[in-house]
Structures are given as structure tokens and as C-alpha cells.
Amino acid sequence: MMPQFDEIQRRGLAVRTVAEDGALAPRIGALSDSIWPRFVVEAHTPRNHPYPADWPGIFARWPQYQFGLLDQDTDELVGAAHALSFAWDGAGADLPDFGWDWAMWQGKQDYLAGATPHTMCALSITVDPRYRGQGLSTLLVSIMRDATARAGFTRLLAPVRPTLKHRYPITPMAVYANWRNQRGEPLDPWMRVHARLGATIAKPCDKSMNLAGSVADWESWAEIPFPTSGAYIFPGLFAPVVIDRESDEGVYVEPNVWMVHDVSA
């Protein structure tokens, strides 16, 4: 039984996985689509990228690690967490610059090869805005930590997408990730959630999420025109998007931060 079971029950919530309830998958997808920025959910992997992301594939390959957090009385989906397992078991310092994309690619290769997994990797957490400020993100990270331990793994990796990085889009992630508050904790609140649960910062992953779209796509997502080729910033970006009007493509390379949870205890 997961250590936080009493807390989940006390809040009148329930946890189900897609393995237990296949109908959760489209509900979780709809929740993510309604909350995540359009450029995240509508863009595609850039041409010739070495690690093409396969978000839908995680539901088929690791349904037991796709979690829905639901209201026990209404069955309303209030949050979701996503993870996968893979065979990679290197040191945190050796994690690649490609975070989110690489994790899905590596997990898929290991899965197809039948490799024995050694490590869990968190991919994302989404909470319905109406339920934010209630500690549900912390609860969902705890659920993934528990799943990691129950699977017999000792580490949960996470290419963390810092909540407030969009306010500092020209600050390198290596600098931002080391900013601290007065208590000596990470300044970023999402990194702070992980840190308070025991995670440590391994390194930035400056090429974590690679997203591409046509110039018209990016103008729609940004709600501003991009008259010439070049680098642009608009609200929500962690770094500039590079627009190439000649090839009719905009490419956004988002930096994240690798954090590592040791669950061996």
C-alpha cells in the first residue's frame, strides 16, 4: 500500500492507472490539451531530429505508469501523472542534453528490444487549475516515487519543466536552476516540490523538448506575426523560437532540468 494512501483517502480522492481503466487515456489527454500551451500539444518533432517523441505510445507501452487522480464521489479527473521505465542506469552526470524527447525515445527502444528496465522516468504532471494550491502536484510526485519503489527500482529521474522559467526566457537554464530562495531551496516552485521530496539536481538538459511547426502555426500559437526570419520570444516560452520563413518552419528547443529521486530507502 502506498504511504500516501491515507492522505489520498482523506481528501476523498482515488488513484487509477490506464492499465486498470483504459477509458482514462482519452480523459487524461483532454485534460492535458486544455491546460498545456498549444505549442506543446500541437507541434511536432523537427525534421531529422535524433529522438522523435512518441507521447501517445507511452499509454500503450506503460499503461501501469499513467496515473489519474479522481474525485471519489464524482469520478471527476482532477490530475494526472505520467512515467515510463527504461534500461538506462548511468550516473546522473551522464544524463543527456536531450531530456523529455530522449526519455520517450530511449524507453521505446528498450521496450521494443525487451531490455530489462532499471530506472523510472517521470514525464509530466497535470493538475486541473480549479484544484491547484492544494498540494496535488506533491501528491502525484509521491505516487510516482511509490510506483518506482514498488517496481523494484531505486531511482526516479525527471526532466523537470520549471514553472517560472518563462519569466526569464534569456537566462541560461544552468543559471536559473541554481537560483535559491531565502531558505536555500530552489527558487522555482516546481523544482522546489521535487527537492522537498528528496530530489537533487543532476544537470540542465538544454535540448529537452524539441518542437516544430510552420510559420503560420507559430503565429497562431503566439498570436503575433513573425515578419522576418530570426529568433523571437513570446509569453510562455523558456527560450526563443527560431523562425525560418524560407523553409516555412519554426523550431523551439526548450531547456529543462534533470532531477533525480533516490527511492532506495
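Given the conditions (1) in contact with a Lys or Arg (Cβ under 7 Å, 6 or more places away or on another chain); (2) surrounded by fewer than 17 Cβ atoms within 10 Å (Cβ to Cβ), and given that residue 91 satisfies all but one, which numbered condition is not satisfied?
(1)
Quick check on the range 18-39. Is at least one of its residues among the β-branched types (Val, Ile, Thr), under 30 Å from residue 206 (Cα atoms), surrounded by fewer than 20 Cβ atoms within 10 Å (Cβ to Cβ) and in contact (Cβ under 8 Å) with a residue 40 or more places away in the chain?
Yes, the range 18-39 contains at least one residue that is among the β-branched types (Val, Ile, Thr), under 30 Å from residue 206 (Cα atoms), surrounded by fewer than 20 Cβ atoms within 10 Å (Cβ to Cβ) and in contact (Cβ under 8 Å) with a residue 40 or more places away in the chain.
For the range 229-257, how many residues are of a type in the set (S, T, N, Q), touching a strand residue (DSSP E or B) at 6+ places or on another chain (Cβ under 8 Å) and either buried (at least 20 other Cβ atoms within 10 Å of the Cβ) or more than 29 Å from residue 175 (Cα to Cα) (or both)?
Number satisfying all stated conditions: 1.
Okay, residues lined up against (1) farther than 19 Å from residue 9 by Cβ; (2) outside any loop (DSSP other than H, G, I, E, B):
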{"site": "124", "(1), (2)": "yes, yes"}
{"site": "138", "(1), (2)": "no, yes"}
{"site": "142", "(1), (2)": "no, yes"}
{"site": "152", "(1), (2)": "yes, no"}
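Residues 200, 163: which one is under 19 Å from the mean Cα position of the chain (by Cα), within 20 Å of residue 95 (Cα to Cα), among the hydroxyl-bearing types (Ser, Thr, Tyr) and surrounded by fewer than 17 Cβ atoms within 10 Å (Cβ to Cβ)?
Selected residue: 200, the only one of 200, 163 that is under 19 Å from the mean Cα position of the chain (by Cα), within 20 Å of residue 95 (Cα to Cα), among the hydroxyl-bearing types (Ser, Thr, Tyr) and surrounded by fewer than 17 Cβ atoms within 10 Å (Cβ to Cβ).
Check whether at least one residue in the range 182-190 is among the acidic types (Asp, Glu) and within 30 Å of residue 16 (Cα to Cα), and report yes or no. Talk me through it step by step, then tell me what you get.
Initial filter on the range 182-190 (among the acidic types (Asp, Glu)): 185, 188.
If we keep only those that are within 30 Å of residue 16 (Cα to Cα) too, we end up with 188.
Looking for residues that are among the acidic types (Asp, Glu) and within 30 Å of residue 16 (Cα to Cα), one finds at least one in the range 182-190, hence yes.
For the range 1-69, please list each of the helices (runs of 4 or more DSSP H) lying entirely inside it that holds at least 1 residues being at pLDDT 95 or above.
By residue number, 24-35, 38-42, 55-61.
Of the residues that sit in the range 62-75 and are surrounded by fewer than 18 Cβ atoms within 10 Å (Cβ to Cβ) and in contact (Cβ under 8 Å) with a residue 40 or more places away in the chain, which one is farthest from residue 16 (Cα to Cα)? Reasoning before the result, please.
Start the filter on the range 62-75 by keeping residues that are surrounded by fewer than 18 Cβ atoms within 10 Å (Cβ to Cβ), which leaves 63-64, 71-75.
Now drop any that are not in contact (Cβ under 8 Å) with a residue 40 or more places away in the chain, which leaves 63-64, 71-73.
Numbers: 63: 10, 64: 9, 71: 11, 72: 11, 73: 14 Å.
Among residues in the range 62-75 that are surrounded by fewer than 18 Cβ atoms within 10 Å (Cβ to Cβ) and in contact (Cβ under 8 Å) with a residue 40 or more places away in the chain, the one farthest from residue 16 (Cα to Cα) is 73.
Taking the stated definitions as given, is residue 53 exposed (fewer than 15 other Cβ atoms within 10 Å of the Cβ), of a type in the set (Gly, Ala, Ser), under 20 Å from residue 107 (Cα atoms) and touching a helix residue (DSSP H, G or I) at 6+ places or on another chain (Cβ under 7 Å)?
When the stated conditions are applied, residue 53 does not pass them.
Cβ-Cβ under 6 Å, sequence separation 6+ or interchain: first residue in the range 237-250 and in a loop (DSSP other than H, G, I, E, B), partner charged (D, E, K, R) and modelled with pLDDT under 95. Which pairs?
Note: no pairs meet the criteria.
The values are calculated or read from the model by the stated rules, or taken from the named source; none is laboratory data. Given the structure is predicted, the values throughout are model-derived calculations rather than measurements. Note that each Cβ is placed from the backbone with ideal geometry, even for glycine, and that neighbours are counted across all protein chains shown.
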